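Here the structure comes first, spelled out in structure tokens, and everything after it is commentary.
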Amino acid sequence: MGPGGEGHPIHPNHSLEAPIAYESRVGDALRETEDASRDAGAATGEEALPPIRSGFVALVGKPNVGKSTLLNALLGQKVTIVSPRPQTTRVPTRGILSRPGAQIVFVDTPGIHQPSHALGRMMVDLAELSIPNADVIAFMVDISQPPSELDRRIAQQVQRARGQRLLVLNKVDVKPRGERNYLEEYRALGPWDEELAISARRRLGLTSLLDIIVERLPEGPALYPDERVTDQSEQQLATEFVREKVLFHTQHEVPHAVAVAVDEWEEREPATFIRMTITVERDGQKAIIIGANGAMLKKIGTAARYEIERMLERKIYLELWVKVRANWRDDPAALGWLGYRAKDWR
Ligand code: GDP
Ligand code: MG
């Protein structure tokens, strides 16, 4: 595993590894094996408490390469939403993986793209800001497709950063568009401190990825309590789950014109009462989201309720309202009001 560049093959274990079962939390599995080795050490009389490694790992790349899928797979639970549409992730979301001897704070970032409105501009700014602050930058690409102009631009930004630079070639499970995959082309955008191929969706190569990251983190104290998995509150995640279902069920401009906010959240018996507003930009979009006789809104609500109940491990009563606010994506006041305030994230 040397630095990339000399035409060496991808580390064979990276792509041949057995998939990690979805049910078992990756973190738990790692913890179990490490606990076992620590017990073994104690038995031989070693009192070694090695200093821990900790730091920030920025997941950056263009939209739709699988950054959010990877973060959820690494954590074994959903802390960030995923959709087949570009620009799903709007603000950087931290996912924290604690294991004996290390704590990794992943920062899932919005895909870097050519923004066309204030929201998009903020998304790209926030993603770019995460690069200089990271100890390790994981530049994610889709190995089944050739590098685009955006990939080149982002690679240049990553090259200017002080952190360790990993080239993470995702979607090895997808048959390349051409005769072969595009490893060489992506490698040439480097140099990279390390490269590896993975499949976030199939959970291939993730253990190797974690090992490589931990090796490259500086020594330092844990940044979050061990049991913390994300910096997002339950309310923030709940609004994201609703947005994810809208993204899944609607098309064209509608998905991008949607924002979701909590208006009321109250513990009641037998279910937590939650009222949210889905904001869109035009009457036509509102009609689509509500659907004939409210059918679409019902579908969205049912799917979101399932996810929120799973997270809270509690029954909820979910009330959804739809409201029009013209061009909110270009209105700085609306961005703040909808919870997209740049100062809250780094
Ligand atoms: P992001 O915009 O980079 O955060 O990408 P997402 O995580 O939202 O994923 C975009 C799409 O790519 C979704 O439809 C994912 O299911 C899909 N995807 C992510 N990783 C993989 C992978 O390893 N293989 C395949 N085939 N699809 C993937
Ligand atoms: Mg994403």
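Throughout, read-outs are computed from the coordinates displayed, never taken from laboratory work. Predicted model only: the values in this text are computed from it and were never measured. Here Cβ is always computed from backbone atoms with ideal geometry, including for glycine, and neighbour counts include all displayed protein chains.
Summary table
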item	result
Within region 261-318, GluC sites (Glu not before Pro) in DSSP loop having at most 14 other beta-carbon neighbours inside 10 Å	GLU267, GLU313
Estimated inter-spin distance, ARG310 and ARG162, nm [label 7 Å along Cα→Cβ]	4.0 nm
Region 166-210 - percent relative contact order, Cα under 8 Å, separation 6 or more	51 percent
Student exercise, region 115-201 dipole from Lys, Arg, Asp, Glu Cβ charges, in Debye to nearest 20	140 debye
Amide proton proximity set for THR89, modelled H, under 5 Å, gap of 5+	GLY111
Cross-link table LYS245/LYS323; LYS62/LYS299; LYS62/LYS286; LYS175/LYS298; LYS67/LYS298; LYS245/LYS286, entries beyond 26 Å C-alpha to C-alpha	LYS62/LYS299; LYS62/LYS286; LYS175/LYS298; LYS67/LYS298
Estimated vicinal HN-Hα couplings, Hz - region 197-212 in sequence order (Karplus 6.51, -1.76, 1.60; Gly, Pro = x)	9, 9, 10, 5, 5, 8, 6, 9, x, 6, 5, 4, 4, 5, 4, 4
Distant-in-sequence amide H partners of THR230 (H built 1.01 Å from N, under 5 Å)	ILE96
Mean Cα-pair separation over length for region 234-344, i.e. relative contact order, pairs under 8 Å, 6 or more apart, %	29 percent
Derived scalar couplings ³J(HN,Hα) [region 273-287; Karplus, 6.51 cos²θ - 1.76 cosθ + 1.60; whole Hz; x for Gly, Pro]	8, 10, 10, 10, 10, 9, 9, 10, 9, 9, 4, x, 5, 4, 4
Gyration tensor (alpha-carbon) shape descriptor, region 164-312, a/c threshold 1.5	oblate
Residue (of TYR317, PRO255, ILE274) at the positive-pole extreme of region 234-344, dipole from beta-carbon charges	PRO255
Shape category assigned to region 234-344 from the gyration tensor of Cα positions, a/c cut at 1.5	oblate
Given charges at beta-carbon only (K, R positive; D, E negative), |dipole| of region 234-344 in Debye	280 debye
Cut-off 10 Å between beta-carbons: net charge of the residues surrounding ASP135, Lys and Arg +1, Asp and Glu -1	+3
Ranked MET276, MET296, criterion: other C-beta atoms within 10 Å, fewest first	MET296, MET276
Least to most buried among LYS175, LYS315 (fewest other Cβ within 10 Å first)	LYS175, LYS315
HN-Hα J in Hz across region 53-60 - Karplus 6.51, -1.76, 1.60, θ = phi - 60°, x for Gly and Pro	9, 8, x, 9, 10, 8, 9, 10
Global geometry of region 88-178, whether rounded, prolate or oblate, following the gyration tensor of its Cα atoms and the 1.5 cut on a/c	oblate
